[in-house]
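The values are calculated or read from the model by the stated rules, or taken from the named source; none is laboratory data. Since the structure is predicted, the reported quantities are computational estimates derived from the model, not experimental observations. With ideal geometry, Cβ positions are generated from the backbone for all residues, glycine too; neighbour counts draw on all protein chains shown. To get the accessible areas, we keep the full protein, side chains included, count just its heavy atoms, and leave off ligands, DNA and RNA. Shrake-Rupley method; radii C 1.70, N 1.55, O 1.52, S 1.80 Å.
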Amino acid sequence: MKATANANANIALVKYWGKRNEKLILPHNSSISVTLDGLKTTTTAEFSKNFHKDEFTLNGERKSGEEAKKVSAHLTLIRKMFRRKEFCRVESQNNFPSSAGLASSSSAFAALTLASISALGFNPKPKELSIIARQGSGSASRSIFGGFAEWKKGVQVGGGDSYAVQLYPKEHWPEFRVLACIVSEEEKKVKSRAGMKQTVETSPFYRAWLATVEEDLKKTRRAIKEKNIGLLGKTAELNCLKMQATMITTAPSIVYWEEGTLKAMHAVWQLREEGVNAFFTMDAGPQVKITCLEKDLQKIKQRMNSEGFGKIIESRPGDGTVLSTKHLF
Ligand code: DP6
């Protein structure tokens, strides 16, 4: 009753921001992301009659509090769905900083979903995995798939039609790159879950955000299809800024940016003025992720280094969530 899964984090190009149902994690809008090969979570799950409670260890540290609770709640959902009662020991390892706005919950809940369901001896289809992963963390629905994925918001009350599908596998656009410039590794103060709830409830711009998402989805689907970095980058950059505008205008306002964030944004705009196809996107954290093509990597990395960004994580489109035989315990 033990299994291990590897999942890659994804970065949204058209963001998911705001829920219509908080319990089932149903979004107000569809979103599109790319699953990245450089941001990986490995999770081993073991169920046993001998365990008296769930246990969660992340990067070698035994967790209690909020994180352990979320993991246990997800395991409880899975136990209920598969009619099992055993408690579970979970160990996860991230190869990137957790909770710093690098979408760690996307890989975390995708890996946990596949590892725990497999440990129970079941083998659900990707669609079902996506629906279950979604209920751990919305963005995890997309990490089930490699390459480019779209999480369809769905319309059903029960969420049976709210899951991700693969738009294109990683082989479709192997030259595509994301450079995550680490501005700060401190844990963020407002988690995305609380941030988006507050935004839906209080930002006067939230409706405006929703009104423009469909158009961004259309442009992004087309840009990926045509491998048009200019259209993709510009659309993703503006989509991110629109989402950030809804965050800034909540009460109280949420600003994830730090000094380094703005510095990186200006450096990207400067590169563009010089004719380099570099675009940024950001999530619920200070990190700046640059979308670009392989041929421009050196120029962009050099510039970001000279601007003081020493830590840059480079990724290309990666695999979806898969089983592994290398158990962590
Ligand atoms: C800004 O998936 O972390 O990264 O569903 O509450 O767990 P919960 O939220 P989460 O939110 C991600 C928000 C985002 C945009 C995105 O990934 O689409």
Which of rounded, prolate or oblate describes the stretch 144-188 when judged by the alpha-carbon gyration tensor and an a/c cut-off of 1.5? oblate
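Would you mind getting the accessible area per residue of the stretch 176-315, heavy atoms of the protein chains only, 1.4 Å probe, in Å²? Write down the numbers at each step before the final one.
On the way: 6620 Å² over 140 residues.
In whole numbers, the stretch 176-315 has 47 Å² accessible per residue.
Select from the stretch 25-117 those chymotrypsin sites (Phe, Trp or Tyr not before Pro) which occupy a DSSP coil region and have at most 12 other Cβ atoms within 10 Å, ordered by residue number.
On the way: sites: Phe47, Phe51, Phe56, Phe82, Phe87, Phe109; in loops: Phe51, Phe82.
Counting only loop positions with at most 12 other Cβ atoms within 10 Å, none of the chymotrypsin sites (Phe, Trp or Tyr not before Pro) in the stretch 25-117 qualifies.
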The stretch 176-315, relative contact order [Cα under 8 Å, separation at least 6], %: 41
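Which pairs, out of Lys53/Lys188; Lys125/Lys153; Lys234/Lys263; Lys152/Lys189; Lys63/Lys125; Lys19/Lys188, put more than 27 Å between their alpha-carbon atoms?
Values: Lys53/Lys188 29 Å; Lys125/Lys153 19 Å; Lys234/Lys263 18 Å; Lys152/Lys189 29 Å; Lys63/Lys125 30 Å; Lys19/Lys188 20 Å.
Going by Cα-Cα distance, Lys53/Lys188; Lys152/Lys189; Lys63/Lys125 fall outside the 27 Å limit.
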Where GluC sites (Glu not before Pro) in DSSP loops with at most 12 other Cβ within 10 Å are excluded, longest remaining stretch of the chain: 23-185
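Report in % the part of the accessible area of the chain that belongs to carbon and sulfur, leaving out ligands and nucleic acids; probe 1.4 Å.
On the way: 7360 of 14320 Å².
Of all accessible area on the chain, carbon and sulfur atoms account for 51 percent.
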For Leu26, distant residues with modelled amide H under 5 Å away: Arg20, Asn21
Helix 259-273: angle to the longest alpha-carbon principal axis of the chain, degrees 0 to 90, nearest 10? 50
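Residues of the stretch 1-153: accessible area per residue at 1.4 Å, in Å²? Mind dumping the intermediate values first?
On the way: 5590 Å² over 153 residues.
Heavy-atom accessible area per residue stands at 37 Å².
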Please sort by residue number the trypsin sites (Lys or Arg not before Pro) in the stretch 128-218 whose DSSP state is loop and whose Cβ has at most 13 other Cβ atoms within 10 Å. Lys189
For the stretch 79-94, in order, what is each residue's ³J(HN,Hα) by Karplus, 6.51 cos²θ - 1.76 cosθ + 1.60 with θ = phi - 60°, in whole Hz (x at glycine and Pro)? 4, 5, 4, 9, 6, 10, 10, 5, 7, 9, 9, 10, 10, 10, 9, 9
Mean-position separation - Cα centroids, the stretch 1-23 and the stretch 195-262, in angstrom: 18
So what's the angle, to the nearest 10 degrees on a 0 to 90 scale, between helix 297-306 and the longest Cα principal axis of the chain? 80
Low-density loop positions, trypsin sites (Lys or Arg not before Pro), the stretch 295-329 - DSSP coil, at most 14 other Cβ in 10 Å: Lys311, Lys326
Would you kindly derive the ³J(HN,Hα) couplings of the stretch 9-19 from the backbone phi angles with the Karplus curve 6.51 cos²θ - 1.76 cosθ + 1.60 (θ = phi - 60°), listing them in order in whole Hz, with x for Gly and Pro? 5, 10, 10, 6, 8, 10, 6, 8, 8, x, 10
With Arg222 itself left out, Lys, Arg at +1 and Asp, Glu at -1 over residues whose Cβ is under 14 Å from its Cβ give +1
Specify whether the C-alpha gyration tensor of the chain places it in the rounded, prolate or oblate class, a ≥ b ≥ c being the square roots of the eigenvalues: rounded for a/c under 1.5, otherwise prolate if a/b is larger than b/c and oblate if not. prolate
Lysines within cross-link reach of Lys326: Cα-Cα under 16 Å, excluding same-chain residues under 8 positions apart? Lys2, Lys40
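Would you please classify the overall shape of the stretch 207-329 from the alpha carbon gyration tensor, given that a ≥ b ≥ c denote the square roots of the eigenvalues, rounded means a/c under 1.5, and beyond that prolate means a/b larger than b/c while oblate covers the rest?
Details: a/c = 1.21, a/b = 1.10, b/c = 1.10.
Rounded shape, in that the Cα axes give a/c under 1.5.
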In degrees, nearest ten, helix 192-202 long axis to first principal axis of the chain (Cα): 70
Relative contact order in percent for the chain (Cα pairs under 8 Å, 6+ apart) equals 26
